[in-house]
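Quick notes on the structure that follows.
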Amino acid sequence: MMMNQITIFILAVFTLIGMPIRAVSAPVVDVKKDYYWVSGRTARDIRNDLNMKTPVREDGMKYDARTDWFVKWTFWWNESSSLCTIIKVETRADIHYVLPKLRRSGWIPNSLKQKWESYMKALLHHENEHKDLGVRAAREIEKEIRNMAARRACKQLEIDANRLGHKIMKKFNDLEREYDRKTNHGMNDGAVFP
């Protein structure tokens, strides 16, 4: 039997026995990157320019980069036989990076270029881990809301689903803070310039 035939067969069986079909989808991930330009002919010049131009500030501290994520979720339900059941969930993770970019105007020694490239590789790795936490949050919200047990009232289902989504968001926000603490905002993993 071909895959489409199997899918149609499964849909027909669920339809015949009257069970709701829970639609499964992957989170939509929308990524936006904003850059700020830095320059210099020495490592010290570039570091000073980073410190001066970074728009990333948190708790009175300056950082070279930042990744923010926000997860939105939408769900649909089916009401029948005095029960309300989730039938479909969609999530979206909006990711926003703020990153430095080295303006290469004039001659820069190869050793400095290599130092910058090594730093950027470590910095991007760190920031991508933040992005991944946001995507993981979206996946978990989708999965957990989709697998919720039926409720007697749709209003209660809506309240419980949103409460669950916010609880998962808090969990991943806490994981994000712990990740920054553990890595010292990426510095322990090489995201340091010079």
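The values are calculated or read from the model by the stated rules, or taken from the named source; none is laboratory data. The structure displayed is predicted, hence computed values, not measured ones. Here the Cβ is made from the backbone with ideal geometry for all residues, glycine too, and neighbour counts use every protein chain on show. The protein model used for the area step is the full one, side chains on, heavy atoms only, and it has no ligands, DNA or RNA in it. Shrake-Rupley method; radii C 1.70, N 1.55, O 1.52, S 1.80 Å.
Would you confirm, using the coordinates I've provided, whether LYS32 is under 29 Å from VAL89 (Cα atoms), touching a Phe, Trp or Tyr at 6+ places or on another chain (Cβ under 8 Å) and at pLDDT 90 or above? Answer is yes for this residue. The residues of segment 45-71 that are basic (Lys, Arg) and open to solvent by 90 Å² or more (accessible area, probe 1.4 Å), listed by number, are ARG57, LYS62. Going by the conditions given, is TYR36 open to solvent by less than 30 Å² (accessible area, probe 1.4 Å) and under 16 Å from ASP180 (Cβ atoms)? So TYR36 does not fit the description; no.
Selection of first residues in segment 115-128 that are over 19 Å from ASP68 (Cβ atoms) and modelled with pLDDT of 95 or more and of second residues that are open to solvent by 10 Å² or more (accessible area, probe 1.4 Å) and in a helix (DSSP H, G or I), restricted to Cβ pairs under 7 Å at least 6 apart or on distinct chains, gives the following pairs, ordered by first then second residue: LYS115/ALA43; ALA122/ASP189. Within segment 170-183, residues that are farther than 17 Å from ALA93 by Cα have Cβ atoms under 8 Å from residues that are in a helix (DSSP H, G or I) and open to solvent by 60 Å² or more (accessible area, probe 1.4 Å) in these pairs: TYR179/GLU129; LYS182/ASN188; THR183/ASP189, counting only partners at least 6 apart in sequence or on another chain. For segment 85-105, the set of residues classified as open to solvent by 50 Å² or more (accessible area, probe 1.4 Å) and within 30 Å of ILE46 (Cβ to Cβ) consists of HIS96, LYS101, ARG103, ARG104, SER105, listed by residue number. For segment 135-150, the candidate set comprises residues that are of a type in the set (Gly, Ala, Ser) and touching a Ser or Thr at 6+ places or on another chain (Cβ under 8 Å); within that set, the residue that is least open to solvent (accessible area, probe 1.4 Å) is ALA138. For segment 151-194, a residue qualifies if it is among the basic types (Lys, Arg) and either on the phi > 0 side of the Ramachandran plot or open to solvent by less than 80 Å² (accessible area, probe 1.4 Å) (or both), and exactly one does: ARG151.
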